Amino acid sequence: MLSPSIEVGRENRRKLLLEILESQSLYPHFQPIVDMRKGQVIGHEALIRGPAGSAMASPGALFQTAIEHNLLHTLELLCRRCSLERFAALKPGGKLFLNISASLLGTPEHTEGFTAELLQDLGISIDDIVIELSEQHPFDQHGLSNGAVEYYRNMGFQIAVDDLGTGYSGLKLWSELKPEYVKIDRHFVSDIDTDPVKREFVRSIFNISNAMGCEVIAEGIERQEEVRELLELGIFIGQGFYLGYPSPDPQPSAAIHSFDGAEPINVLETSETALSLLRQAPSVSPNDSVLAVSELFRVNPDMVSLPVIQEGAPIGVVRKSDLLELFSTQYGRALYEKKPVVRILSDDVLLVESDLSLVEVSRMLTDQEQSALQQELIITQEGCYLGMGNLRDLLRRLTELKIQTAQYANPLTLLPGNVPINNEVDRLLKQAAEFHVAYFDLNNFKPFNDCYGYSKGDQVIRLLGELLTRHGGQGNNFIGHIGGDDFVVIFRSPDWKLICERILRDFDHEVRCFYAPKDLQSEGIWSTDRQGGQTFFPILGLAIGVVHPDPYRCSSYHEVAELAAVAKKEAKKSLQSALFVSRRRLVGVAEDQEGTQMQA
């Protein structure tokens with residue numbers, strides 16, 4: 001039996017909830033979901049609030065009261081209506097993520113097309129809606145069925161599984177439903193930059209998602225360091241207070257703060273590490289005398305600071321400027337030369353691990369408070385002292401790498417050339433990463449050049465480079481220009497096949513603008529063939545050969561290049577634009593195991 005006071009409180013909450021439902025006093029808020037690398041808002045999650053200042057202002061109170069009084073389904077349907085109506089009125093663009101309790105999917109209200117009809121009335125495309133499933137209530141797991149989910153997927157809705165990692169049920173949902181999105185629970189995102197267990201969990205989720213072809217969204221991001229760690233792991237979509245608070249009036253989906261810099265990351269800069277900055281430097285212990293340290297500075301005149309090491313690990317530095325200032329004071333030398341050096345220790349020094357990329361080292365330096373910014377850094381390996389580095393060497397090396405990248409870039413498209421392409425493939429093989437390589441080549445390009453001239457041929461090549469960048473430039477894909485009409489895209493994103501198909505479609509449409517009307521009517525040109533005779537050549541087509549190298553068995557970019565060249569050759573057998581997906585994952589496999597051919 002509940003006490004009278006508890007019973008009264010329960011009844012008051014029920015009445016308040018009924019009043020809210022009757023007056024439809026619910027207020028949707030929208031939290032941005034952000035592509036962190038581009039700084040783009042790609043959508044919003046709809047969150048609900050009750051009347052401000054009331055006992056039902058928070059969503060927790062609303063839904064808990066609804067569960068207590070068997071009003072959950074009524075509340076949730078009203079939440080959805082209010083959220084969609086507000087979304088339609090604001091038109092923020094991008095996708096809208098709608099939370100739906102798993103147990104609600106199988107109810108008659110849903111199978112009768114409530115949401116689809118509402119979307120049609122509001123003028124919202126089904127393509128813009130993602131149904132976000134979460135087993136947030138104890139009985140949800142009994143109400144979810146694959147049939148109910150497939151009903152919505154067949155109507156055109158995309159599916160997201162929320163709170164991944166909070167229990168077996170979430171992983172089970174993922175494996176059975178094969179959603180378009182999975183959202184990693186905030187528990188595994190919080191402090192991921194300092195927790196190796198969380199880091200490995202998220203890394204595993206990312207690898208599985210690549211294999212399953214779904215996008216990963218990291219929830220609960222509250223610090224810049226978490227953003228950086230997620231980007232390093234390859235997770236580019238995030239949500240949390242650091243990226244944007246829930247708001248009743250979201251901004252249109254547009255560029256916001258870029259969390260990974262305004263320019264694309266230079267592959268050379270990410271592959272070269274802090275180890276390249278290493279300089280051997282003598283070290284001192286905390287108990288060494290100030291006089292002994294002074295003598296070390298005397299015999300090493302180029303040193304501006306010396307690391308202080310305790311049990312193999314650095315604890316700070318002694319700076320020559322501090323020592324000279326101390327000795328310049330009256331009685332300073334006499335008072336301090338026999339004191340332990342720890343008395344003048346400075347701990348405002350940057351410690352960097354030797355395997356950290358130069359880009360990350362640069363970010364760490366620039367993120368320091370201006371008053372704390374120093375010229376030197378200490379390079380460690382698993383926390384143990386290796387040597388010293390300095391800001392000047394870092395800036396010099398970054399400048400050299402940018403110049404080197406510019407030298408290797410193709411002058412026509414400014415895309416990376418052979419050396420960066422090969423380096424990127426070798427880097428991915430070394431990491432045993434999952435990736436696909438797509439080799440792009442134009443069909444009948446020489447006859448087109450002979451007929452229309454090299455200037456127009458260059459325009460076609462630039463068009464192809466723009467299409468690859470437009471469709472394949474997202475995520476951590478790498479786009480390279482081998483030379484002439486040959487391009488490569490190294491795909492890390494799981495939707496590589498869809499991207500290739502879009503490139504084929506757009507190329508076939510846009511390349512026609514380079515032809516004269518009479519040639520378009522004939523669907524091709526007459527030109528001289530390799531034997532000197534006149535031959536009819538169809539309108540330019542695009543051949544794409546795709547391979548999925550085995551990173552454990554391919555030893556270098558040479559083998560990957562061989563696989564890709566064979567796949568491209570198969571794609572070029574078609575006179576039209578074609579995509580050929582090879583099943584060969586390493587060299588030496590019989591040629592009759594190629595793959596699948598798809599014409600545009």
Quick calc, K446 & E562: beta-carbon distance into FRET formula, R0 30 Å, rounding 0.05, result 0.80
In the range 180-196, whose amide N lies under 20 Å from the spot 7 Å out along Cα-to-Cβ of E382? List them in ranges. 194-196
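Which order do the peptides 327-334, 231-238 take when ranked by the mean count of other beta-carbon atoms within 10 Å per residue, highest first? The partial results should precede the final answer.
Details: 327-334: 11.0, 231-238: 21.6.
Highest to lowest by the protection proxy: 231-238, 327-334.
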Residue span F536 to N12: 0.36 nm per residue of separation minus Cα-Cα distance leaves a gain in nm of 180.3 nm
Around G316, which amide H atoms from residues at least 5 apart in sequence, or from another chain, sit under 5 Å from its own amide H, with H modelled in the peptide plane? V308
Debye intensity ratio I(q)/I(0), log10, the range 410-599, q values 0.14, 0.17, 0.19 Å⁻¹ (C-alpha model): -0.77, -1.09, -1.30
Can you work out the Karplus-derived ³J(HN,Hα) for every residue in the range 283-299? Use 6.51 cos²θ - 1.76 cosθ + 1.60 with θ = phi - 60°, whole Hz, and x for glycine or proline. 10, 10, 9, x, 8, 5, 6, 4, 5, 5, 5, 4, 5, 4, 5, 5, 7
Could you list which residues have their amide H under 5 Å from that of A578, counting only those 5 or more apart in sequence or on another chain, with H placed in the peptide plane? L542, A543, I544, A600
Can you work out the FRET efficiency for the pair K338 and L414, with r the C-beta to C-beta distance and R0 = 60 Å, to the nearest 0.05? 0.45
What is the distance, in nm, between label points placed 7 Å from the Cα along the Cα-to-Cβ direction at A55 and at S125? 4.6
Long-range amide H partners of I482, meaning residues 5 or more apart or on another chain whose placed amide H is closer than 5 Å, are F487, V488
Under a cut-off of 24 Å between alpha-carbon atoms, report the lysines in cross-link reach of K518, not counting same-chain residues fewer than 8 places apart. K446, K456
Quick check: residue separation of T469 and A116 times 0.36 nm, minus the Cα distance between them. What number comes out in nm? 123.6 nm
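Give me the number: length gained by fully extending Q64 to L90, i.e. 0.36 nm times residue separation minus the C-alpha to C-alpha distance, one decimal in nm. All intermediate terms of the calculation are to be shown ahead of the outcome.
On the way: separation 26, 0.36 × 26 = 9.36 nm, distance 2.90 nm.
That pair, Q64 and L90, stretches by 6.5 nm at full extension.
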May I ask for the distance between the Cα centers of the range 451-473 and the range 48-74, given as a whole number of Å? 56
I'd like the Karplus ³J(HN,Hα) series for the range 560-574: coefficients 6.51, -1.76, 1.60, θ = phi - 60°, whole numbers in Hz, and an x wherever there's a Gly or Pro. 5, 4, 5, 4, 5, 5, 5, 5, 5, 4, 5, 5, 6, 5, 7
Could you give each residue of the range 315-322 its phi-based ³J(HN,Hα) in whole Hz, using Karplus coefficients 6.51, -1.76, 1.60 with θ = phi - 60°, and x for Gly or Pro? 10, x, 9, 10, 9, 4, 5, 5
Simple label model, 7 Å out from Cα along Cβ direction - E510 to H187, nm: 4.6
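Rounded to the nearest whole Å³, what is the per residue volume of the convex hull around the Cα atoms of the range 274-397?
On the way: hull volume 12.2 nm³, N = 124.
Residue-normalised Cα hull volume stands at 99 Å³.
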Packing-wise, with mean Cβ within 10 Å as the measure, how do 347-355, 490-498 rank, highest first? 490-498, 347-355
Under a plain spin-label model, where a point goes 7 Å from the Cα along Cα-to-Cβ, how far apart in nm are A432 and D529? 5.1
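No lab work stands behind these numbers, since they all come straight from the coordinates. All values derive from a computational prediction rather than experimental measurement. When we count neighbours, we look across all protein chains shown, and the Cβ atoms used for this are built from the backbone with ideal geometry, even at glycine.
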